[in-house]
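Please read the structure below before turning to the comments.
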Amino acid sequence: MLTFVDSVQEAVAGIKDGSTVMIGGFGNAGQPFELIDALLECGATDLTVVNNNAGQGDQGLALLIKEGRVRKMICSFPRQSDSWHFDAKYKAGEIELELVPQGNLAERIRAAGAGIGGFFTPTGYGTMLAEGKETRIIDGRGQVFETPIHADVALIKALKADGKGNLVYRKTARNFGPIMAAAAKHTIVQVSEIVPTGGLDPENVVTPGIYVNTVVRVARSGSAAEKVA
Amino acid sequence: MSLTETSIKTSETPLGRDDLARLVARDIAPGSFVNLGIGQPTLVSNYLTEEQNITLHTENGMLGMGPEATGGEIDEDLINAGKIPVTELPGASYFHHADSFAIMRGGHLDICVLGAFQVSATGDLANWHTGAPGAIPAVGGAMDLATGAKDVFVMMTLLTRDGASKIVEACTYPVTGVGCVTRVYTDKGVFLTGPEGVTVRETFGCTLEQLQELLPVPLKAAAA
């Protein structure tokens, strides 16, 4: 069921303790900051979070980690010069890390959305990230078995939604949005603009509304704001 | 083949980072689709010519990436894999992360250029993790690039600060990919790596014999 809500607080209200939450974005592009802030505010805890990184600076995901809401991170690149909250929790042994090569992360999320039970890939073969995993030689190459990553909830950011929940994105802010929308049981999207049904060219829809459950409009700020106006 | 100076190119001085980037750029075939890793490899883009018609891929989801954005061009929705604001060129395309890595993993990229801690004689790459106790491991797209691109070029200094060769018999750092590196560009020479071991294509500021003294693996000279 698709619903349009008036606030980010309302959008995240159903997220339960112990949930697996996918959060879109790569760097600040496509990062649903307002939804993450609302998730922090709503108090849900014991979360498993799937994101490419493990938070930056003193905002968004970094604050969720700082406040002890995240039990486990599934990500490809948790080490950054400004990711001090993850660093502190990790070194204190207070957060679990599942480190996944970025392409495996993307493909495991895609596989979940597509109902695929797993796949073999050369990525990671012969490395410590393949230790303990099933391997096979396929077409003469060593390959590693990888399983899908499912989620209870996805928080993503898109440019526009129409009345059917169809989404379009903007430039490299698309990143994880389409695959996370498909992989989660409940997908929550913040958009800059909601247009009437029929207001998006069906040829240009990137995420069909079937993957979308909750839409909230959040006004844009920053260097992209004037460019989309 | 014996150690002979006659079949390889030489220059009198070691190459600086920009000269090395210029050399890598010159070696990229016209019309190639290329991914340049974060750090030193990014310099290569400064020396690609319009005539080469190279299309740059950035793994966060774009083909046709242009130069770094400045001033009013800066747009937070348009960044590269290093999270630096960039521009788009005519003919650019955007796609989601799984498609972007399928471009890599599906063998569609002609060349990726990466930095490295170590490369083994048979082309194993170590560039993601020092393995030091307490170090937070982070891998990003390094393993996908290493195993997916048709050719993997490495750019690095040949020696560590302590003077140890980064071309080694077997990597002592955790590996990123096995047998994936095809070429290593360094300040002291260009090396081809693969199942047959290490072949020297060019030397900079040293002789092949001097290189052989620095490296713990047997070197062959490239065929003339």
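The values are calculated or read from the model by the stated rules, or taken from the named source; none is laboratory data. Worth saying up front: this structure is predicted, and the values here are computed from it rather than measured. Neighbour counts run over all protein chains shown; Cβ positions are idealised from the backbone, glycine included.
Determine whether B:ILE74 is surrounded by fewer than 19 Cβ atoms within 10 Å (Cβ to Cβ), within 11 Å of chain A (Cβ to nearest Cβ) and under 28 Å from B:VAL190 (Cβ atoms).
Values: surrounded by fewer than 19 Cβ atoms within 10 Å (Cβ to Cβ): yes; within 11 Å of chain A (Cβ to nearest Cβ): yes; under 28 Å from B:VAL190 (Cβ atoms): no.
No; evaluated as a whole, the condition is false for this residue.
Can you confirm whether region B:86-97 contains a residue that is crowded, with 22+ Cβ neighbours inside 10 Å and either at pLDDT below 95 or more than 8 Å from chain A (Cβ to nearest Cβ) (or both)? Within region B:86-97 (the criterion being crowded, with 22+ Cβ neighbours inside 10 Å and either at pLDDT below 95 or more than 8 Å from chain A (Cβ to nearest Cβ) (or both)), the answer is yes, since at least one residue qualifies. Residue pairs whose Cβ atoms lie under 9 Å apart, sitting 6 or more positions apart in sequence or on different chains, and linking a residue in region A:20-44 that is under 10 Å from A:GLN190 (Cβ atoms) to a partner that is assigned to a helix (DSSP H, G or I) and among the polar types (S, T, N, Q), are A:ALA38/A:GLN9. Determine whether B:GLY123 is touching a Leu at 6+ places or on another chain (Cβ under 7 Å), touching a residue at least 24 places away in the same chain (Cβ under 8 Å) and of a type in the set (Gly, Ala, Ser). No: the conditions fail for B:GLY123.
Note on region A:1-110: enclosed helices (runs of 4 or more DSSP H) holding 2 or more residues that are among the aromatic types (Phe, Trp, Tyr) are A:84-91.
In region B:127-147, is there at least one residue being away from chain A (no Cβ under 14 Å) and outside any loop (DSSP other than H, G, I, E, B)? If you could, list the steps in order and put the result at the bottom.
Restricting attention to region B:127-147, the residues satisfying the condition of being away from chain A (no Cβ under 14 Å) are none.
No; the residues of region B:127-147 include none that is away from chain A (no Cβ under 14 Å) and outside any loop (DSSP other than H, G, I, E, B).
What are the residue pairs meeting all of these: first residue in region A:157-180, first residue within 14 Å of A:PRO202 (Cβ to Cβ), second residue basic (Lys, Arg) and part of a strand (DSSP E or B), Cβ atoms under 6 Å, and 6 or more apart or on different chains? Between residues of region A:157-180 that are within 14 Å of A:PRO202 (Cβ to Cβ) and residues that are basic (Lys, Arg) and part of a strand (DSSP E or B), the close pairs are A:VAL168/A:LYS160.
Table: residues versus (1) closer than 22 Å to B:GLY205 by Cα; (2) within 14 Å of the chain's Cα centre (by Cα); (3) surrounded by fewer than 23 Cβ atoms within 10 Å (Cβ to Cβ).
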| site | (1), (2), (3) |
| --- | --- |
| B:CYS112 | no, yes, no |
| B:ASN127 | no, yes, no |
| B:ILE136 | no, no, yes |
| B:LEU145 | no, yes, no |
| B:LEU158 | yes, yes, yes |
| B:TYR173 | no, no, yes |
| B:ARG183 | yes, yes, yes |
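Residues in region A:95-142 that are in contact with a strand residue (DSSP E or B) (Cβ under 9 Å, 6 or more places away or on another chain), more than 25 Å from A:GLY24 (Cβ to Cβ) and among the acidic types (Asp, Glu): A:GLU134 only. The condition of being without any contact (Cβ under 8 Å) to a residue 24 or more places away in the chain and either farther than 30 Å from B:THR70 by Cβ or basic (Lys, Arg) (or both) holds for only one of A:GLU226, A:GLU203, that being A:GLU203.
Look through A:GLY126, A:GLY132 and report the one residue that is without any contact (Cβ under 8 Å) to a residue 40 or more places away in the chain and facing chain B (nearest Cβ under 7 Å). Can you show your working first?
Details: A:GLY132 fails: facing chain B (nearest Cβ under 7 Å).
After applying the criteria, what remains is A:GLY126.
Put simply, of B:VAL217, B:VAL200, B:VAL178 the only residue that is closer than 16 Å to B:GLY115 by Cα, in contact (Cβ under 8 Å) with a residue 24 or more places away in the chain and not small (Gly, Ala, Ser) is B:VAL178. Could you identify the single residue in A:THR127, A:THR147 that is over 22 Å from the mean Cα position of the chain (by Cα) and of a type in the set (Ser, Thr, Tyr)? That would be A:THR127, the only listed residue that is over 22 Å from the mean Cα position of the chain (by Cα) and of a type in the set (Ser, Thr, Tyr).
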